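For reference, the structure is listed below as structure tokens.
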Amino acid sequence: MTESNDNACPLSQREIIDTYFMENRSRILDVAAFLDRLERARVKDAEDDFRFRALREAMQALVGDSATRTKDIQMILSDPKTDLLDERDQQSADGAARE
Amino acid sequence: MNWIDPHVHMVSRTTTDYEQMAMAGCVALSEPAFWAGYDRSSAAVFHDYFNHITTFEPQRAADYGIAHYCWLCLNPKEGEDMGLTREVLAFIPEFLERPTVLGIGEIGLNRVTKREMESFVAHVDLAMEHEQLILIHTPHLEDKYKGTLQIVEALKRDSRVTPDRVLIDHAEEHTIDMIREAGFWTGLTLYPNTKMAMDRAVDIVEIYGSERLCVNSACDWGPSVPLAVPAFAMAMRRRGHGAELIEQIVHANPAAFFGQCPKFVIPG
Ligand SMILES: [Zn+2]
């Protein structure tokens, strides 16, 4: 057992698992079912969709050993181009960058 | 526990929502001017809207013992139209004198365009001219990082702007560092899908501390929950945090930020 640090969560690992395991068990099954559904799709016409690609990259970050997975995934799902657009292309955001 | 929701759009909520918020301990809230779900057709519509949020909503809230304050602007979603922006900016000063107006907001960027930036800078200029507090909206989803970066840089370029009189809202894990490093107040929006989930907001408190940090429901006509602030308090307790820390985030912090406007009366 190791103790740590300034920005620690007040719960122990054991307590975190006891409290939050069930809801995250459910979430990971939802993601798995979503991916299976994409495999079973009537037509496979979006294998290269920018949102699907971003999710696949995010899942790689999820299984990595970074201590800042949330922030890393936020950046994967962000537009890497930070300049101002010349004109508004659409009113709403898509959740991932198109290119 | 008494709490303040610093970001709500009550024009699109029912009176029953006011009642339930009051029963759950809400003592004050603030309503930034925002988008109607479609681009408005003329400046006159904004005039009516500003009247609505400075007269009708404070009365509806008062019926349940809630103090209602508001912020005025043309929302970033409509900022692409500079002509409309100028027309609306021209009559905002006449509303700034009203007793429940705290400042200019929620201003910022949407798709992060050149004209949106021009509209944003014009709003900041108006706020500085009239010594107003500022409430900032940061863009959604993939636009949030670049939009927050552009907003923070623009505010730093204006030497009249004092960071402790500006709250930058809808912060998330990848934008909070730049907001706090520049000394601004941070807002976390507790939305079910698109912004900050309850437990991620608690993580942010644990990682960054509670100083200059507020949480809000941003409840409007979309998927959103008027009782998100007390739900956050519950998530904090579930995580083992005490009443003093929770009270600071849900009451003392928003009261301190709003209290910089002499019109804000700290409710019981
Ligand atoms: Zn809003």
Just checking, does the range B:174-181 include any residue being under 30 Å from A:ARG14 (Cα atoms) and without any contact (Cβ under 8 Å) to a residue 12 or more places away in the chain? yes
If we keep only residues of the range B:22-37 that are under 20 Å from the mean Cα position of the chain (by Cα) and away from the ligand (no atom under 16 Å from the Cβ), then the residue nearest to the other protein chains (Cβ to nearest Cβ) is B:GLY25
Selection over the range B:98-143 where residues are among the acidic types (Asp, Glu) and closer than 18 Å to B:TYR49 by Cβ yields a count of 1
Which residue out of B:LEU84, B:LEU89 is over 17 Å from the mean Cα position of the chain (by Cα) and either within 16 Å of the ligand (Cβ to nearest atom) or within 14 Å of another protein chain (Cβ to nearest Cβ) (or both)? B:LEU84
When you scan the range A:78-93, how many residues do you find that are in contact with a Leu (Cβ under 7 Å, 6 or more places away or on another chain) and surrounded by 15 or more Cβ atoms within 10 Å (Cβ to Cβ)? 1
Sort out which residues of the range B:47-79 are within 16 Å of the ligand (Cβ to nearest atom) and more than 14 Å from chain A (Cβ to nearest Cβ), and write them in order of number. B:TYR49, B:PHE50, B:HIS52, B:ILE53, B:GLU57, B:HIS68, B:TYR69, B:CYS70, B:TRP71, B:LEU72, B:CYS73, B:LEU74
With the condition kept exactly as written, say whether any residue in the range B:124-145 is assigned to a helix (DSSP H, G or I), within 11 Å of another protein chain (Cβ to nearest Cβ), under 25 Å from B:ARG86 (Cβ atoms) and at pLDDT 95 or above. yes
Residue count, the range B:167-220, condition outside any loop (DSSP other than H, G, I, E, B), hydrophobic (A, V, I, L, M, F, W, C) and away from the ligand (no atom under 16 Å from the Cβ), comes to 10
Residue within the range B:223-232 that is under 22 Å from B:GLU173 (Cβ atoms) and away from the ligand (no atom under 16 Å from the Cβ) present: yes
Any chance the range B:234-248 includes a residue that's more than 13 Å from chain A (Cβ to nearest Cβ), closer than 20 Å to B:ARG13 by Cα, away from the ligand (no atom under 16 Å from the Cβ) and touching a residue at least 40 places away in the same chain (Cβ under 8 Å)? no
Looking at this structure, is B:PRO93 in a helix (DSSP H, G or I) and surrounded by fewer than 20 Cβ atoms within 10 Å (Cβ to Cβ)? yes
Report whether or not A:ASP36 is within 22 Å of the chain's Cα centre (by Cα), outside any helix (DSSP H, G or I) and farther than 30 Å from B:GLU211 by Cβ. no
Which is away from chain B (no Cβ under 12 Å) and part of a loop (DSSP other than H, G, I, E, B), of A:ASP83, A:ASP89, A:ASP79, A:ASP65? A:ASP65
Take the range B:109-123 and flag every residue that is within 13 Å of another protein chain (Cβ to nearest Cβ) and either surrounded by fewer than 22 Cβ atoms within 10 Å (Cβ to Cβ) or in contact (Cβ under 8 Å) with a residue 40 or more places away in the chain (or both). B:LEU109, B:THR113, B:LYS114, B:ARG115, B:GLU116, B:MET117, B:GLU118, B:SER119, B:PHE120, B:VAL121
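The values are calculated or read from the model by the stated rules, or taken from the named source; none is laboratory data. Please read these numbers as outputs of a predicted model, since none were measured by experiment. So basically every Cβ, Gly included, is an ideal-geometry build from the backbone, and we count neighbours across all protein chains shown.
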